[in-house]
Every structure is written in C-alpha cells, then in structure tokens.
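Comments concern the structure below.
Only the coordinates and a few stated rules stand behind these numbers; no lab work does. For clarity, every value in this text was computed on a predicted model and none was experimentally measured. No Cβ is skipped: glycine too gets one built from the backbone with ideal geometry, and neighbour counts run over all protein chains shown.
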Amino acid sequence: MADDLFSASWYRVERLKPRLRGHIRLQRQQYRGQIWYVLHDLSTDRFHRFSPTAHVVIGLMDGQRTIHEVWEAANAQLGDDGPTQDEVIQLLSQLHGADVLVADILPNTAELARRAAQQARRKTISGWFNLFSFRIPLWDPDRFLSRVAPFIKPLLGPGAFALWLLVVGIGMAWGTLAGYAINPARDFGPRLASYLTGYGGAFKDQFGDLYFWVPIVGPIIGALIGALLYDLLVGRNLPVGDADEEVGRVPDEESAA
C-alpha cells in the first residue's frame, strides 16, 4: 500500500457509481501459494488477475455505492491492508481499459468507437500469428443435424450399447481366424483386392478350404432368422387397432364413401 492515503485526483471519480458488466465472472485462484482472483470477460474471452484487496473493492461496486463509499467500506473491512485512493483510481483505470465497468454517466461515443477499433485491430493482429484463426464458411449443418437427430437418438441408448458389445465380442472371438468378417463389405472387397494383387489363396482359409462365401451367406441367413424370430416372439404380441389401415393399401370407393 502506498504511503499517501488520499489523492488530489479523487474528486474526479468519488461520485461515480460503477458496477461490473453482466457478462463478467470472477473466480478464485491459487497460484504459487498466493491467492488471486481472475476476472473472466465472457464476451471477449479475456482474463484479468487481481489481488484479494482489489477483489474486495470490485465486490463492493454494485452500482448503488459511490466510489467514495466503496473506498470507505473497503478500508473498514480490510483495516491496515485497505487501498489508498490512488490505488482505487488505478484499479478503476485498469477496469475501464478492460471495458468491464458500467457507470451512471452518459457514454462517450468517441471512446466507444476507439475501443471497438482497438479491439478489432488486436483481433486482426492476433489472427496473423495464429495458423488456426482463418475460417472459411462452407455450410451450416444445424438444419441437417436437427432433422436427423430423431433417427440418431435410438442409436445412443442401451440397445445400441448392447449391439456394440455384441459386435466387439464377435470380433474378439473370431477376428484372428476370420479377419472380423461379419458382413460382405468388410470381407469380400479385401479378399478380391488381395487376389488381384497376386495372393492366390485370398479366398481360402488357413486350412485351404473356400471361405469367402461364409461372410456373404451368413449375414443373409442371420437376417432372415432374426426377422422370423421377431415376428414370432415380438410382432405377434404388439397391439393393433381395429381401425388401422394396412400400410400401403389404397381404400376402394365403397369404403371411401
């Protein structure tokens, strides 16, 4: 704390009633054994670090107290560690430069324009030194994602997780012997490419028997058996309304009348 408690410039700021902007967040931080308070500006994503004494002063700025009342309350709370008037003025200057304060005075349009130009210039300069700052707008996927979201949600539930475990289990059990051949697209294409590049035994297994047909016929038979079991065990037990029309059926003229 400085030796002089009072400041000759105090009359310029003592009647102000400042407060922090709504998009400002304060967080407590411990760095190298010392306590600091970090001010996060959510609009610009900039951070400013303050001491505990400055944090007390900032916390008293509620838009109702004047700066003089804030200074008196801070000294009453902190005692000998309280800030001087020059330190409060310096803190106000720092907060004003960071554009995080709102006060009960008319805005200076020239000052606002200067700050906007300075912020745009700083953003442009920082973009020159950041290879990942260049953005090329191509396509907004929000509309597409909103439409396909109802079809994707069932794939993220417990049933999808159980299906994933089944596929992983099949791969862990027979992956070494069959090359994870659970569908034709996964098996026949690589076998054909291997055969065309000179591997004559690509269509055979390790015993010399033709194996390429198993991943083709197996999924088809499994799909037919699965559909049959669904109709026998699940489909026949589903409730069907009496007035429901058959899917794809066009009513004749008598029923339409």
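Numbers at a glance
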| quantity | calculated |
| --- | --- |
| Chain lengthening between ASP205 and ALA76 when straightened (0.36 nm per residue, less Cα-Cα) | 37.7 nm |
| Label-point gap, in nm, between GLN30 and VAL167 - each point 7 angstrom along Cα→Cβ | 4.6 nm |
| Equivalent-ellipsoid semi-axes of the range 10-107, from the Cα gyration tensor, Å, largest first | 20, 19, 10 |
| Neighbour-count order for TRP71, TRP36, TRP139, fewest beta carbons within 10 angstrom listed first | TRP139, TRP36, TRP71 |
| Separation in nanometres of the label points that stand 7 Å from Cα toward Cβ, at LEU228 and ILE125 | 7.7 nm |
| Karplus-derived HN-Hα couplings along the range 187-201 (A = 6.51, B = -1.76, C = 1.60, θ = phi - 60°), whole Hz, x at Gly and Pro | 10, 5, x, x, 5, 5, 5, 5, 5, 6, 9, x, 8, x, x |
| For the range 144-237, Kirkwood radius (reciprocal of mean inverse C-alpha pair distance, Å) | 16.0 Å |
